[in-house]
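The next block holds one structure in the form of structure tokens; read it before the comments.
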Amino acid sequence: MTRPDLTSLAQGRARFTADLPLPDGCLHAEPVPAPHAHAGFHAVDAAPALARPGVLAVLTAADIPGRNDVGTLGPEPVLADGQVHCVGQPFALVVAETPDAAREAAGLVTADWTPLPAVVDAADATELIGPVRTLACGNVDDVWPSCATVVAGTVALGSADHAALETHCALAVPTEDGLLIHSATQSPSTVQVAVARVLGLPQHVVQVDVDRLGGAFGGKEEQATWWAALAALAAGSTGRPVRLLLSRADDLRLTGKRHPQTARFRLGLDAEGRFVAYQVDLSQDAGCSTDLSPSILERAALHATAAYRIPNVRVTARSVRTNTPSNTAFRGFGAPQAIFVLEAALRAAARAMGVPPESLQARNLLADGDTFPSGQQVRRARGRLSWDELVTRRDPETVRGEIDAWNATGPRRRRGMAVVPLCFGIAFTSTTLNQASALVHVHHDGSVNVSTGAVEMGQGVAGKIRAVVACTLGIDERLVRVEPTSTSRIANMSPTAASTGSDLNGSAAREACLTILAGLPELAPGAPWSQRVGAAYATRRPLSALAHFATPGLQQLDATGHGTPFRYHVFGAALIEASVDVLLGTGRVDRVTIVHDIARSIDPLTDRGQVEGAVVQGIGWMTTEEVVRDASGRLLSDSFATYKVPDLHDAPELDVTLLDEPNPDGLLGSKGVGEPPLVYGLGAFFALQDAIASYAPQAALDFTAPLTAERIFGLLHGARDA
Ligand code: LUZ
Ligand code: MOS
């Protein structure tokens, strides 16, 4: 396959938003972050900042011509107005001739603050965001007495930063009648809507363009909007182009991250180890505003039963408000957090029953004919197939035997293992979002332009769409160019998110190609493409088409949590092997063996990279990535020196087997790939925990993540000395 997309990246020619040439007269904007986690303020003093050379303006909420709200599901002021709700919330915006002038001046803007009581720790939160969600099936209250084993416990999961290579960035350029915005966003239409609202403009004079992103992982699904709206506000106010580019430190300090989550669980099993009842209360830390939290909570609740059949279930899920930057979408969108809880619960049960966790997992895998608590039927389950294939690749039972024998010799490096089965639902849980459009132009010479709402963020969606168009038209990929994403070519885009980017946009692109093909004149069989196109033009047939795709078969969840939220599910199984140094407390993930249900991949190399990247990202969340704030809500882990993302050195040996049975509900038999494999990374926690248990077998199971070296050391030795 020719890969112009990869070539330009490898050669450093690929341009990101911050690489775009600055227009003449371009200014630079710098947000002024709030110093308090919760406070009232008045009398913003901009005079010292305005006195600096090169500073043109200091904007506040009072300068917003439209509505001060960039939120999608709840209100989200673009500049704080009278109150701030987290450290780092922008309350003013400095606009200057150079980035340095803007940054220095931002440090001089002050206000009169009245600090208010702040909740930094979710354990102290009293306020909910959105309603408590429940999801239930069977009759969980009545069956406990019939269980042979019942375990209960708690879980506490940490946050994680998206740590995309490209920090947030936007460039806003005034046009004759509106604005052109280059935004590093996963959701150009969300930016368009928000900018139009903030500036009091109709949507059609606000054009949002995205060439590509340098990573996003959910961090740019909702929260890119702010920076684009601030750049647009400054451009609107000064009449000049304005760029806003966050430094790494500000990107870490000012933006939301993965939702930390606490949970209480109760799991009941029969004497054969079958799951009978599961009750779980999930509590996610939403941060200071709504953002996408209600939607993330919904996906969490829908994944509470993970890859397993449980006949009696009650999930209650709540979002609590804290005075920290609003947490947001992050690869997996709440599902990995919920899956962790059941994986923890089954390990508590395995210990209570004196059996390996794998035996309980293997016994309870979902199969066709089962029902999810939402009422959705399990179809084409591949959990058993994945598990059986894993056994042939690297048999968990054999590995457990090896590990037990190794640990029995009392080595300094203790080994452990964990299996994590996967079942992940594909579709936006908000049914409306499951639609996409594509615009295909075929030129005289047979070359093709295709536009969709998909945003290329390194996940390879542009390459997949190119492949789909080429294969549908029966032409060489070199004849196909995928256009940068623009709201002027495609309207009403959904975010590129929920692992649906290729499914939705690729399906629309394929539809458009089929429409064009259907309109081509009949020529002799085997007539070359260029001749067919030429004949179509000569006989005045359309060579362009706009197509729309809406995922069939979905039904929005009702208030009781019933519906058909997903088009299909992605299955798989992973065996994670890890070890701990009992003297140092350091942990390491040594080896990961994965069988993943990729179906009929449109781009196997990219998909393999997605699986590998996701699992390493999950490992980072479970091990070294620790978001630390002080008691006043200030972020302490505000650089990559103090916030440790996994690097190549931390990556384990990875052995990925792809199951390639075609998926009738996906694009050309494929399945979405972006988010699901992150779940395998949870195994890092449980494998390390398993290794720790070989040294400190009496210690109670503790389900607090991440398992940093400090925490591992404490579990090894605190437990022993107690
Ligand atoms: N975004 C969203 C998502 O709005 N709805 C979803 O269901 C979703 N799922 C995963 C990632 N982003
Ligand atoms: Mo997402 S978590 O932007 O698919």
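Please determine whether any residue of the range 330-340 is more than 16 Å from ligand 1 (Cβ to nearest atom) and either part of a helix (DSSP H, G or I) or more than 25 Å from ARG264 (Cα to Cα) (or both). Checked against the condition, which is being more than 16 Å from ligand 1 (Cβ to nearest atom) and either part of a helix (DSSP H, G or I) or more than 25 Å from ARG264 (Cα to Cα) (or both), the range 330-340 yields at least one hit.
When restricted to residues that are part of a loop (DSSP other than H, G, I, E, B), touching a helix residue (DSSP H, G or I) at 6+ places or on another chain (Cβ under 8 Å), more than 14 Å from ligand 2 (Cβ to nearest atom) and not hydroxyl-bearing (Ser, Thr, Tyr), the range 314-329 contains 1.
Residue count for the range 54-76, restricted to those that are crowded, with 16+ Cβ neighbours inside 10 Å, touching a residue at least 40 places away in the same chain (Cβ under 8 Å) and over 26 Å from THR432 (Cβ atoms): 7. Scanning the range 559-571 for residues that are surrounded by 20 or more Cβ atoms within 10 Å (Cβ to Cβ) and at positive phi yields a total of 1.
Only residues that are closer than 21 Å to THR606 by Cα, open to solvent by 30 Å² or more (accessible area, probe 1.4 Å) and not acidic (Asp, Glu): list them for the range 619-648, please. Passing the criteria: PRO646, LEU648. Quick check on VAL455: is it closer than 18 Å to THR606 by Cα, in contact with a Pro (Cβ under 8 Å, 6 or more places away or on another chain) and either among the small types (Gly, Ala, Ser) or within 15 Å of ligand 1 (Cβ to nearest atom) (or both)? Yes. Checked against the criterion of being charged (D, E, K, R), in contact (Cβ under 8 Å) with a residue 60 or more places away in the chain and over 20 Å from ASP665 (Cβ atoms), the candidates GLU522, GLU511, GLU456 yield just one match: GLU456. Scanning the range 138-168 for residues that are surrounded by 20 or more Cβ atoms within 10 Å (Cβ to Cβ) and assigned to a strand (DSSP E or B) returns VAL151, VAL155, LEU157. Right, GLY214: open to solvent by 10 Å² or more (accessible area, probe 1.4 Å), more than 19 Å from ALA436 (Cβ to Cβ), outside any helix (DSSP H, G or I) and within 16 Å of ligand 2 (Cβ to nearest atom) or not? Yes, satisfied. Evaluation of GLY239 against the conditions (1) at negative phi; (2) more than 16 Å from ligand 2 (Cβ to nearest atom); (3) open to solvent by 10 Å² or more (accessible area, probe 1.4 Å) shows that the sole unmet condition is (1). With the condition kept exactly as written, say whether any residue in the range 295-313 is over 22 Å from HIS569 (Cα atoms) and either within 16 Å of ligand 1 (Cβ to nearest atom) or open to solvent by 10 Å² or more (accessible area, probe 1.4 Å) (or both). Scanning the range 295-313, I find no residue that is over 22 Å from HIS569 (Cα atoms) and either within 16 Å of ligand 1 (Cβ to nearest atom) or open to solvent by 10 Å² or more (accessible area, probe 1.4 Å) (or both), so the answer is no. Every condition in (1) outside any strand (DSSP E or B); (2) in contact with a His (Cβ under 7 Å, 6 or more places away or on another chain) is met by GLN284 except one, and the failing one is (1). The condition (being closer than 30 Å to ARG321 by Cβ and in contact (Cβ under 8 Å) with a residue 24 or more places away in the chain) is satisfied by just one residue among GLY666, GLY672, GLY618: GLY618. Look at the range 621-641: where a residue is without any contact (Cβ under 8 Å) to a residue 60 or more places away in the chain and over 23 Å from GLY585 (Cβ atoms), no partner that is polar (S, T, N, Q) and crowded, with 16+ Cβ neighbours inside 10 Å sits 6+ places away or on another chain with Cβ atoms under 6 Å. The residues in the range 171-211 that are within 16 Å of ligand 2 (Cβ to nearest atom) and either outside any helix (DSSP H, G or I) or modelled with pLDDT under 95 (or both) can be counted, and the count is 6.
The strands (runs of 3 or more DSSP E) falling completely within the range 408-506 that include 2 or more residues that are open to solvent by 20 Å² or more (accessible area, probe 1.4 Å) map to 413-426, 435-442, 480-482. Pairs linking a residue in the range 408-431 that is more than 17 Å from ILE296 (Cα to Cα) to a residue that is among the basic types (Lys, Arg), with Cβ atoms under 7 Å and 6 or more positions apart or on different chains, are MET417/ARG400.
Of the residues making up the range 649-669, just one is closer than 14 Å to LEU605 by Cα and among the polar types (S, T, N, Q), namely THR657.
Residue-wise test of (1) part of a strand (DSSP E or B); (2) open to solvent by less than 10 Å² (accessible area, probe 1.4 Å); (3) free of Cβ contacts under 8 Å to residues at least 12 places away in the same chain.
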{"residue": "LEU557", "(1), (2), (3)": "no, no, no"}
{"residue": "ALA574", "(1), (2), (3)": "yes, yes, no"}
{"residue": "ARG588", "(1), (2), (3)": "yes, no, no"}
{"residue": "VAL592", "(1), (2), (3)": "yes, yes, no"}
{"residue": "HIS596", "(1), (2), (3)": "yes, yes, no"}
{"residue": "ILE602", "(1), (2), (3)": "no, no, no"}
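Taking ASP665, is it of a type outside the set (A, V, I, L, M), in a loop (DSSP other than H, G, I, E, B) and over 22 Å from the mean Cα position of the chain (by Cα)?
Taking the combined requirement at face value, the residue satisfies it.
If we scan the range 241-251, do we find a residue that is acidic (Asp, Glu) and not in a loop (DSSP other than H, G, I, E, B)? Yes, because at least one residue in the range 241-251 is acidic (Asp, Glu) and not in a loop (DSSP other than H, G, I, E, B).
The values are calculated or read from the model by the stated rules, or taken from the named source; none is laboratory data. Note that this is a predicted model, so its numbers are computed, not measured. Neighbour counts are summed over all protein chains in view; Cβ atoms, including those assigned to glycine, are modelled from backbone coordinates with ideal geometry. Accessible surface is based on the protein model in full, side chains and every heavy atom, while ligands, DNA and RNA are left aside. Shrake-Rupley method; radii C 1.70, N 1.55, O 1.52, S 1.80 Å.
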